[in-house]
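First the structure, in the form of structure tokens, and then the observations on it.
The values are calculated or read from the model by the stated rules, or taken from the named source; none is laboratory data. Everything quoted here is computed from the prediction, not taken from an experiment. FYI the Cβ positions are ideal-geometry reconstructions off the backbone, even for glycines, and counts take in every protein chain you see. Just the protein is used for accessible areas: all its heavy atoms, side chains included, with ligands, DNA and RNA removed. Shrake-Rupley method; radii C 1.70, N 1.55, O 1.52, S 1.80 Å.
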Amino acid sequence: MASIFNPENAFWSMISKFADILLLSALWLICSIPLVTLGAATAALYDAAVKCVRGGEQASWRRFLRTFRQELVTATIVTVIWGAALLGMVWILRVLWAGGLADIGGARMAAAAYFVLLLIPVGTFCWMFPLLSRFTFRPGGLMATGLRITMGYLPYTLVIVLIGLAAALAAWALVVLALVLPCVTALAWSLVMERVFRKYMPAEPDTPETPEDPELPEE
């Protein structure tokens, strides 16, 4: 009986992690409502998911809120700039798609090619805020480094975008999944992203400061 009620056994550990997933997903949804705070919420979600759900740290909600406050200004600036750019790109895609439906010569091929090229800005958007949770950036440095990571690790970027797209489609099809999918998506991203981030993390895990705008070695 003592083992059943031991908070450190596998069953209670699984329950605790599931509770963290629910809580972090709810915090992300609430903090993303203004839209301009989407980036800060994503940085906080990724950080708490990696450190608490995967890493076993306690008080995931406290870590989420701390990271959200710390990265709010930089993340909001980047979200507004990059979000506006993505909206413009999506509008162009709609124009090309409409031309394809109207059988305008070459419009379908142009729309297909443009859709593939959207992998780069969408992938950059996916990379930037997890990057911000790991390193210190100014807005310009974050956008530049996110773009370089996207181009330098295109296969990883494709996987990340597909994971995000699958999660969005699943939540659209079954709204109740939105209660868990934000954190589950961050955890799935971390399996790919942490491989890249480890290459640029400080050698000493207890180093108090993280590098600013880290230089990427040539691949």
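Quick check on my filter: what residues within the range 132-141 are crowded, with 23+ Cβ neighbours inside 10 Å and either free of Cβ contacts under 8 Å to residues at least 24 places away in the same chain or in a helix (DSSP H, G or I) (or both)? Outline the logic, then answer.
Initially, the range 132-141 is screened for residues crowded, with 23+ Cβ neighbours inside 10 Å, giving 132-133, 137.
Listed by number, the residues that qualify are L132, S133.
Okay, residues lined up against (1) assigned to a loop (DSSP other than H, G, I, E, B); (2) closer than 16 Å to T185 by Cα; (3) at pLDDT 95 or above; (4) open to solvent by 60 Å² or more (accessible area, probe 1.4 Å):
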| position | (1), (2), (3), (4) |
| --- | --- |
| K17 | no, yes, no, yes |
| S25 | no, yes, yes, no |
| I30 | no, no, yes, yes |
| D47 | no, yes, yes, no |
| L65 | no, no, yes, no |
| V80 | no, no, yes, yes |
| L86 | no, no, no, no |
Here is a check on your reading of the model: is I160 modelled with pLDDT under 95 and assigned to a helix (DSSP H, G or I)? no
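Among the residues of the range 151-164, write down those that are within 16 Å of R198 (Cα to Cα) and open to solvent by less than 60 Å² (accessible area, probe 1.4 Å).
Step one: filter the range 151-164 for residues within 16 Å of R198 (Cα to Cα), giving 152-153, 156.
Scanning the range 151-164 gives G152, Y153.
With the requirement that a residue be out of contact with any Asp or Glu (no Cβ under 6 Å at 6 or more places or on another chain), in a helix (DSSP H, G or I) and open to solvent by less than 30 Å² (accessible area, probe 1.4 Å), what does the range 32-45 give you? Step through it out loud before you land on a result.
Taking the range 32-45 as the starting set, the residues that turn out to be out of contact with any Asp or Glu (no Cβ under 6 Å at 6 or more places or on another chain) are 32-39, 41-42, 44-45.
Right, trim to in a helix (DSSP H, G or I) and you get 38-39, 41-42, 44-45.
Within the range 32-45, G39, A41, T42, A44, L45 qualify.
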